[in-house]
Amino acid sequence: MNITYLIGNGFDVNLGLKTRYCDFYKYYLALPSDSDDVGVSKLKKLIKDDYETWADFEEELGKNLDKFNEEEFFSLIVNVRKHLFDFVKKEENKFILEKNEDVKLKRDFTFLEDYLTAKDKVKFKHFVSGWNSDNWYVNIVNFNYTTVLENYLEFKPDMHLPRPGGNRLCYLHDILHIHGESPLNMVLGVNDISQINNNVFVKNSDILDAIVKADCNDAMGHLVDGKCIDVINNSNLICLFGVSLGNTDKRWWNFIAKSLTKVDCRLIYFSYDNKGLDHNSMLRGIHTRYKNKFLSHMDLDDNSKKILADRIFVVHNSDFFKVKVIEEKTAKLAIDEVEENGVLVDNNIVMMPLDLKTD
């Protein structure tokens with residue numbers, strides 16, 4: 001059985017990382033700018049003047065490209081890539097995983113039924129029973145620039161994961177960064193030329209390679225796009241976590257929908273909002289809403305959408321992938337405190353009462 005996770009920024013936010021674009025803007029706008037860099041100055045003014053509209057940087061940039069010439073565009077895209085990567089890495093390095101929390105993280109990858117309603121659990125178990133005698137293989141398509149997942153899992157290709165039921169094995173095969181994980185392969189932009197509001201730019205192949213995501217990946221020649229497509233196409237179970245289903249990644253939602261047309265494929269969509277529930281009877285309406293949100297990206301007739309909707313499970317506001325982290329500076333201070341005032345017992349810090357301290 002092949003399981004594929006598509007993981008977005010919600011995963012990092014779930015851990016406490018402030019990696020939303022609105023968090024980045026506070027950092028970016030405070031950086032000094034070269035007065036001669038017209039492109040960057042224009043961009044910063046646009047963001048500052050309409051902060052909320054720029055909640056999705058990629059989509060809004062595409063809409064505003066008519067305000068830039070070619071030189072200004074290349075200047076701003078290089079500038080944003082550099083500073084966004086620096087910002088994300090600084091945020092990533094603030095936290096470490098608390099002791100033993102990796103156990104829950106690894107377990108969540110395969111004990112998915114724990115988060116389903118009782119009704120959906122029956123359907124899910126019936127579906128996966130077709131692979132009870134087979135090994136399970138997990139792949140991750142990561143939309144984030146961070147590598148916290150690799151670090152927290154201490155990832156190695158084909159590492160073992162716990163699996164519910166029997167002695168059959170489960171492997172975490174690979175983690176693929178579709179948007180890159182370094183300044184040299186960072187992908188930042190739009191889904192296609194229809195999202196570029198500049199009639200000159202859509203005819204410029206160099207600009208398309210810089211801002212259309214598929215073109216950018218293809219221009220770099222690393223084949224990650226193809227690997228991700230193959231992984232999705234061969235999936236029996238696809239899980240969406242921390243993704244907003246934004247238009248600038250629409251091609252990936254369509255690849256998932258195509259896989260979902262297969263009888264032997266299901267989708268679990270982990271949704272989240274901050275509204276909470278007044279009563280569990282609201283769940284059906286919430287599940288329907290999120291199914292429709294996913295299916296709205298597809299050019300399908302109503303009957304086809306109904307068939308696919310029956311193959312989608314929704315898990316709403318759960319503790320899936322919810323693990324505890326600690327700020328590194330706090331951890332360092334704790335170690336310093338041990339040296340000064342405490343002792344370690346089974347790797348846990350035990351503070352000594354002041355009257356037991358010795359010189």
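Numbers for the structure displayed
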{"read-out": "Scope the range 101-144; condition under 27 Å from Ile178 (Cα atoms), open to solvent by 50 Å² or more (accessible area, probe 1.4 Å) and hydrophobic (A, V, I, L, M, F, W, C); matching residues", "value": "Val103"}
{"read-out": "Matching residues in the range 62-76 - criterion: being open to solvent by less than 20 Å² (accessible area, probe 1.4 Å), in a helix (DSSP H, G or I) and either under 18 Å from Tyr25 (Cβ atoms) or modelled with pLDDT under 95 (or both)", "value": "Gly62, Leu76"}
{"read-out": "Those residues of the range 96-145 which are in contact with a Leu (Cβ under 6 Å, 6 or more places away or on another chain) and assigned to a helix (DSSP H, G or I), in sequence order", "value": "Lys106, Phe124"}
{"read-out": "The listed residue being modelled with pLDDT of 80 or more, out of contact with any Lys or Arg (no Cβ under 7 Å at 6 or more places or on another chain), within 30 Å of Ile193 (Cβ to Cβ) and of a type in the set (D, E, K, R), out of Lys293, Lys306, Lys324", "value": "Lys293"}
{"read-out": "Asp299 vs. criteria closer than 30 Å to Val243 by Cβ, modelled with pLDDT under 90, of a type in the set (D, E, K, R) and surrounded by fewer than 14 Cβ atoms within 10 Å (Cβ to Cβ)", "value": "yes"}
{"read-out": "Matching helices (runs of 4 or more DSSP H) fully within the range 180-261 where at least 3 residues are in contact (Cβ under 8 Å) with a residue 40 or more places away in the chain and open to solvent by 20 Å² or more (accessible area, probe 1.4 Å)", "value": "224-233, 250-260"}
{"read-out": "Verdict on Phe74 being among the aromatic types (Phe, Trp, Tyr) and more than 30 Å from Trp131 (Cα to Cα)", "value": "yes"}
{"read-out": "Failed criterion for Glu92 (all others in (1) of a type outside the set (S, T, N, Q); (2) surrounded by fewer than 17 Cβ atoms within 10 Å (Cβ to Cβ); (3) modelled with pLDDT under 95 hold)", "value": "(2)"}
{"read-out": "Sole residue being in contact (Cβ under 8 Å) with a residue 60 or more places away in the chain and of a type outside the set (Lys, Arg), chosen from Leu267, Leu283", "value": "Leu283"}
{"read-out": "Residue that is modelled with the lowest pLDDT, among those in the range 158-175 that are aliphatic (A, V, I, L, M) and buried (at least 18 other Cβ atoms within 10 Å of the Cβ)", "value": "Leu161"}
{"read-out": "Boolean, Phe155 is surrounded by fewer than 20 Cβ atoms within 10 Å (Cβ to Cβ) and among the aromatic types (Phe, Trp, Tyr)", "value": "yes"}
{"read-out": "Test result for Lys121, charged (D, E, K, R) and in contact with a helix residue (DSSP H, G or I) (Cβ under 8 Å, 6 or more places away or on another chain)", "value": "yes"}
{"read-out": "Residue check, Glu59 assigned to a helix (DSSP H, G or I), more than 19 Å from Asn9 (Cα to Cα) and modelled with pLDDT of 95 or more", "value": "no"}
{"read-out": "Qualifying residue in the range 271-282 (condition: of a type outside the set (S, T, N, Q) and within 21 Å of the chain's Cα centre (by Cα))", "value": "yes"}
{"read-out": "Among (1) among the polar types (S, T, N, Q); (2) surrounded by 14 or more Cβ atoms within 10 Å (Cβ to Cβ); (3) not in a loop (DSSP other than H, G, I, E, B), the one test that Thr288 misses", "value": "(2)"}
{"read-out": "Only one of Ile207, Ile175, Ile193 that is of a type in the set (Val, Ile, Thr) and over 20 Å from Phe68 (Cα atoms)", "value": "Ile175"}
{"read-out": "Qualifying residues in the range 13-53 (those that are open to solvent by less than 60 Å² (accessible area, probe 1.4 Å) and among the aromatic types (Phe, Trp, Tyr)) - the one farthest from His83 (Cα to Cα)", "value": "Tyr21"}
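For (1) on the phi > 0 side of the Ramachandran plot; (2) at pLDDT below 95; (3) of a type in the set (S, T, N, Q); (4) in a loop (DSSP other than H, G, I, E, B), each residue gets a yes or a no:
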{"residue": "Ile3", "(1), (2), (3), (4)": "no, no, no, no"}
{"residue": "Gly16", "(1), (2), (3), (4)": "yes, yes, no, yes"}
{"residue": "Phe24", "(1), (2), (3), (4)": "no, no, no, no"}
{"residue": "Tyr28", "(1), (2), (3), (4)": "no, no, no, no"}
{"residue": "Asp34", "(1), (2), (3), (4)": "no, yes, no, yes"}
{"residue": "Lys44", "(1), (2), (3), (4)": "no, no, no, no"}
{"residue": "Tyr51", "(1), (2), (3), (4)": "no, yes, no, yes"}
{"residue": "Trp54", "(1), (2), (3), (4)": "no, no, no, no"}
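The values are calculated or read from the model by the stated rules, or taken from the named source; none is laboratory data. Not measured: the values here are computed from a predicted model. For neighbour counting, all protein chains shown are included, and Cβ atoms are generated from backbone atoms with ideal geometry for every residue, glycine included. Just so you know, the surface numbers come from the protein's heavy atoms only, side chains and all, with ligands and any DNA or RNA stripped out. Shrake-Rupley method; radii C 1.70, N 1.55, O 1.52, S 1.80 Å.
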